[in-house]
Each structure stands twice: as C-alpha cells, then as structure tokens.
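Here is the structure we will look at.
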Amino acid sequence: MIRLPIRASHIAIAGSVAIAGLALPAAAQDLPDQAAANADAAGVAADDDGAIVVTARRREENLLDVPIAVTAYGAEALEESGSLDITDIGDTTPNVTIENSRATNSTLSAFIRGVGQQDPVGGFEAGVGIYLDDVYLNRPQASVLDIYDVERIEVLRGPQGTLYGRNTIGGAIKYVTRRLPDDPEFKLRATYGTYDQAEAVVSVAVPLGEMFKFGASGARLSRGGFGDNLNLGIENYNKDVWAGRASVEFESPDDRLFVRIAGDYTKDNSNPRNGHRLLPGLLSGAPVLDNVYDTRAGLTVPAQDIESYGLMMNVTAELSDNFTLRSISAWREDKSFVPIDFDSLPTVDVDVPGIYFNDQTSQEFQLLYDSDRLKGLVGFYYLEANALTQFDVVLATTGPLIGLPLASNFGQFTSGDVNTETWSAFGDFTFDITDWLSLSGGLRYTKDQRRSIILKANRINLPSPSFGGNGVNLPGPVITDFRGDASFEKWTPRVSVSLKPTEDLLVYASYSQGFKGGGFDPRGSANITPNTDGVAGPPSYAEIYDFFLFEPETVDSYEVGIKGSLFDRAFTYALTGFYADYTDVQIPGSVGVDANGDGIFEGFAGVTTNAGKARFKGIEAEVFARLARDFAGPGSQITLAGTAGYIDAEYLEYVAIIGGVETNLAPFRGIQNTPKFTASATLGADVPVGAGDLSANVTLSHRSRTQQFEIANPYLDQPAYQLLDAGVTYRWAGDRFSLGVYGKNLTNERYITSGYPFIATNAVTGVPVLNGGNPIPSLGREGTLTAFYGNPRQVFVTGTVKF
C-alpha cells in the first residue's frame, strides 16, 4: 500500500479542505481503488469513488462537495509527521494560530482568521469552538489535546453557528477519536527522544458478542524540561501527563442503531511553565538569563495540578431511509491549580496563585434528512456550565500603605464565579436544484443567560485560604461585591450557492454570521468605576453593572471559493477569498489600580471593552502535485504540497475614554495572534523497501510578524520566522510494525508565542514609556515583561506494534 507523507495527505481544499486523498490517482481505470487506498493510508474515510469524506456539515460528504473551508488531518498522516498534540496542526493550516496559553501545557489559545480569545479566565468565551467527539469544550483549560487514539482532526474556517453548538464565531476544531474495530486488536506505541522524551500509548479493543465492543487506551506522556528553574531547582517546560480513554459501543444487527458511551481522564503533573524575563530586575538587578527556557520564578503556591475528565453518550438511530436521529449527551469537569509568577523572579512581586474550576453538562439533538435532492438537519442544543476562577495578586508592598511589615504580603484576592445557561435551535439544508447547481441555507437562534458573582478584596498575610494560606481582608469595605444577571439572544443565518459543472470542479459563494454572547468581567474592580450619573460618592449598582458588562460580538463573513483537480487527480488546487466585518469586538484587558492616588498600585483590575469594529479580508491557496510515480517500483512516488494564507486584518474603530475624552485608537491598535502571511511547503517521497514501505517528508513553514496583543509591543511581538520539520517512517508486515524518526524545529528557531507585559505605555499610541532605557512597571516593583517560547529542536524515535 502506498504511504503518503503527512503534509501531502492533509492539504486542504477551498482554503482549508484536505485534498491529498483526492489528488493521488492511479491510472484512470483504477482511480477509485487507488484513491481509496490513499485515503485509508491517511487515516480518513473514503466514499465509493475513493474521495476523502468528512463530517463538516454534520453528515458524511465528499470534500469536493462541501462549500466550507475545512482542513482534515488523518490519523496515519498525523503519525507520520510526528505530531504530538493538537497545536502541531497550526503550522500548515493557513490563517490559523493554535498554541499553549502561557503558564501551562494544557490551556489552549486558538485563532482562526483573526478571531479567537487569549484570556483563559472564566467569563470569557472562546472565539473558536473546540469539539471532542462532537462535544463542545466550554473552557480552554485542558483543551490542548494530545494526539493518540484519533481518527482525524478537522479545522473549519469561518462562522459555523448553524451547524455547531456554541462559540464558533471564528471557526471550529474537531477532534474525532476512532471507532472500535470489528476484530480484537492490541496496539502499542512507544517514543523516545531528546530532552528525555519518553512516551507509551497502549490500546486494546475486543468484541463482546455480536453487538457490543469494548475498547480502552492508556497514555504516559513525559518529557524533561527545555530549561530549568534556577531558583527552585526544577525543570521548566517539562511534561508529565497520564491519560486514558475507554468506550463501549453497541450496533444493532441491521446497522440502524449505534450507541457509544465513552469516558476520558487526563492528569497533568507537569511543573509550572514560567516565562523568560526580557529586562533586568528593576529592584533586585537580576540580569536577563541567556537561555530563553530558563527562569528564576519563586512562587510555589499552590502546587501545580491539572486534572480533567468527562463522560459522553452518542446515539445514532436510522428512523427510515430518509430520517436519522442523533443524540449527543455529555458531562465534563476540569480543575487547575496554577502558581503564576508574573515577574519570574524569587521576589514576592506580582505573584498570582490561581485556581480554575470548570464543569459543564450539555445535550444536543439532531434530526437529519437525506433524499436525492434535499439534505440537511434541524437540531436543538443546551449547555449549562459553571466556571470558577480565584486568584491572589501578591505584591508585598504594605509598608507605604498601612505601616505593616513588608513580609506581611499585601495584595488582592479575586473570585469570579460565572454560570452560563444557553440553548439554541438550528437548521441547515442543501437543495440540489440541478445536478450542477445547489443552494444551501441555515438559521440559528441562540439564547444565553449569564450569572456572575464577583468578589475582590485587599488582603494581608497572603496567600488566601483557597491556596492553603492565611490571607485576611483589610478593615473596611471590600473592593467588589457584585452579583449580576444578563441575557443575550441572536438570530444568525447562513446561505451558500454551489456550482459543480464537472465532478472535479466546485465553485461556491457563501455568507454566514457568527455570534458570541456577552457577560461581566470576572476581575472587575468596583472602586475604579467611572461616575456616569453625576451623583457624588461611591458608584451605584447601576454604574458598576454597566462598567463590568460587555456586550455580544458578531461577525458577518463572506466567502468565495474554487476547488478542483486535473490530470486524473494528479494535481489538485484550491483558492478561497474571504471578507468579514467584526462588530462590538470584545477586548479583555488588565490595568494596574491605584485607587487612592498614592502612587502605589494595590493590584490589577479587569477592564473589558467592546472595541467597536474590525475588518478582515484575505485569501488562502493550497495545491498538491504528484511529481513522479512508480520511479522505484510499484507504489513509489514523489509529491509536493503547498499552502499559503494572507489576511489583512485591522480595526476600523477602537473607542476608549482617554483623559475624559472619547478617542478612536484604531490607528494604534492591531489584531492579536494573526500574522499577515502564513505558508508551508512539503516535499514527500514513498518507496517500497524490502518487505515494507518507506515514506519520508520534509516541511518548511513560514509565519510573518505576529502581534501578541492589541497594543504593539516591541519586546514581545514576534518577527517573521520559519520552522523546518522532517520525518521518515518504515512500515512492514501488513502495517503490523512501524518505526519512525522525526525532527521538529530542526533549525532550533527561537520564537515567542505569548507573554506578560505589565509596563507603562502611552495611553493613545501604546508606545512603552522608558526610564533610563528600561520600561516603567505598571504593576509591581521588579517590572513584569516576560515571554514564553515555542518548542526548541526535538528529535525522537517512535515504534508501533499492532496485532
């Protein structure tokens, strides 16, 4: 069987639709069989004609028939590239950023075409929906999914609200685990590599009679640190994860009823991931370290501990030849204890012990209809979720404030408890007017209810009892004691027209609208609430309510695309153009607070605004070509794949109150985590060797300058860079055995992915304010300007055995 390199087997059609399996023909007379073999090798399903099948529209379809931008990565293709977790697919998906969120290995930041959410605090919803077996993950904690026991990963671009449960205003990422095989199976995967990377994944599956199957997988994923914590004597950027999944499946003898009950568990015992200081300590004089993966962070409370688990049940019942009913039920919970040392020094200065507790219960029903001319679904979705975030901000500056010793650890305690209840009804249908002309349309109604309880108080003797300490409130009223309810509702449509003049050509145009509900900033400080009613004295409840509240945001997205193949699918191409108007953009932010004007910051407050308007426009192109075939025996081939993305993203309106005056800051603000250019090129080769098949690939990816936040930061913003990856895999004995060697970031590029910038800036331009050449701190005494970096060069060997 021919083996395809990863980058060849996941190349997308229409700006992100995987096309490699469509593009690898045999001679014209045996095209379906050969394409089906290639799809099988890539680990994705194929239809009777050998074309790759995805479920982007909640039904199985040939990629060439789907007027949506979607990239599909098959299981075997992911394995042959050495992909370790879900963030690895971002390098070759145009206009997509997927990365770890600062201080942990487990919290995800995802952006698609400029839309996303970087702040993981409860109360802020994701702009990109993450789905595990069609179950929406409500919070970014524990969402960096390790790749094992997977069937495929799909990345959908643009708003998907008429098809998916929640918060797909920018797009959706679907992680689909594989169904259990019909025969007993045992599989072992083991990896060893640089930085003492040692991993093992064991999977078993057994049939239980004629109608039941049971399967389970266990994973031990570990790696030494890329650097060290020179203060605590522990590794930095290490990995220490235990994980497992188990499922039971039932399928009726007539194949009309399928039930799957599955559970998963992950325990992350990794050390805290602390940042690299970019400037000397302004109080201690601590120098900048040479190794960007080293740190001197001193916070150890609470002990880092991250745990997530969940249960789901998926039922599919074919009611008739035309109607199918689906039910997706799920419960999930995750807990994160994290010591976040913002200044990354032993000094007790902007130390933030934090906890994140999240739970959710969801239910979705879908009724699908399928006939010769009309296909589609109607559905109902319900989610009830609670997100509790608590943290201290320990500053140790009590002396000037109230005459207490410095060691009494003064700071602020914040607790944000956010309950979300949402339901929606939706429908989406496609009507084939003729064999070559189709019209699709959808509509969704969403109703969100948000309830927030926010408590903030100045405390001494931190840390707080939540973190095992003895922190107590200072005398007097608390800073914030707020309870608020708000509801948001919206109708969002989608419509597209598709032309398919031949089997190998699709042209489409679409319009869709995305919606993300509002809420209350869970870090808000009532004592800095602006006086808007003209009444002297403390702010009223109505003023605090309006100050904490942020409104929903919406995206109107327009897209045109063409995708097709030539020369009996030996060459495939895709081109997409998109334009989006983004209104009431939610911008979470943090500011240092000096409420009494004494020049000393007591803590920081969350200030979330609806910035106004932004505009996105761009193009995405992907090609695949077979350069040679059967040059070294049957099944040998050389392939070349390329991807490119361009996005022009800008704020048109970014309104803020500066010095009491409403000011449009749009000329001085940018879209975060959205490089203007992304590109990749992959050269692959497959050659029969002995009793097996050898596949090799090398990929060069490029990302242009990336701005980490809305305000440009010359210290943290990442200039353009390139990554070089490569892999070689040998399989033999009918795929029962494989051995691969893989290299990631082979040129050992150093690139910043995120950071913490608590430095003073010009209120309008955002330019840092300097003193003696160094930035002036906006919170703390040492100065907080720390960076987090992408992984350095890694080389590892992976072997698999399957029976």
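Based on C-alpha pairs under 8 angstrom that are at least 6 apart in sequence, region 87-196 has a relative contact order of 22 percent.
Pairs of Cα atoms nearer than 8 Å and 6+ residues apart set the relative contact order; for region 186-248 it is 28 percent. Between region 643-676 and region 315-385, the alpha-carbon centres lie 30 Å apart.
Exposure check, 1.4 Å probe, all protein chains in place: Asp435 carries approximately 130 Å² of accessible surface. When both region 139-180 and region 514-540 are represented by their alpha-carbon centers, they are found 34 Å apart. Note on exposure: Val741, Val655 ranked by accessible area (1.4 Å probe, complete protein assembly) read Val741, Val655, with the most exposed listed first. Would you mind estimating how fast region 458-579 diffuses translationally, via Stokes-Einstein at 37 °C and 0.692 mPa s with the Kirkwood radius over Cα pairs, in µm²/s? Estimated diffusion coefficient is 163 µm²/s.
Note on region 563-721: Kirkwood radius taken over Cα pairs, Stokes-Einstein applied at 25 °C and 0.890 mPa s, translational D equal to 123 µm² s⁻¹. Mind checking the angle between helix 31-42 and the chain's longest principal axis? C-alpha axes, 0 to 90 degrees, to the nearest 10. Its long axis makes an angle of about 30 degrees.
A 1.4 Å probe run over the chain, with the rest of the protein chains in place, finds 36 Å² accessible per residue. What a 1.4 Å probe finds exposed on region 680-795 is 63% carbon and sulfur by accessible area, rounded to a whole percent. Taking only protein heavy atoms and a 1.4 Å probe, the accessible area of region 208-345 is 57% carbon and sulfur.
The structure shown yields volume of the Cα convex hull per residue in Å³, and of the options [x] 192; [y] 145; [z] 158 that calculated value carries the label [y]. Relative protection proxy for 748-755, 153-160, 453-460, from highest mean packing down: 153-160, 453-460, 748-755 (other beta-carbon atoms within 10 angstrom).
The Cα atoms of region 445-518 cover 75, 27, 14 Å along the three principal axes, with the biggest extent listed first.
Per-residue ellipticity at 222 nm computed for the chain from its helices equals -1000 deg cm²/dmol, with DSSP H segments shorter than 4 residues left out and the rest contributing -39,500 (n - 2.57).
With a cut-off of 15 Å between beta carbons, the residues surrounding Leu232 carry a summed charge of -4, where Lys and Arg count +1 and Asp and Glu -1. What percentage of all Cα-Cα pairs in region 95-199 are separated by more than 22 Å? Considering region 95-199, 39 percent of its Cα-Cα pairs are separated by more than 22 Å. Normalising the average separation of contacting C-alpha pairs (under 8 angstrom, six or more residues apart) by the number of residues puts the relative contact order of the chain at 12 percent.
The values are calculated or read from the model by the stated rules, or taken from the named source; none is laboratory data. Source: prediction; values computed, not measured. For neighbour counting, all protein chains shown are included, and Cβ atoms are generated from backbone atoms with ideal geometry for every residue, glycine included. The area values use the complete protein model at the heavy-atom level, side chains included, leaving out ligands, DNA and RNA. Shrake-Rupley method; radii C 1.70, N 1.55, O 1.52, S 1.80 Å.
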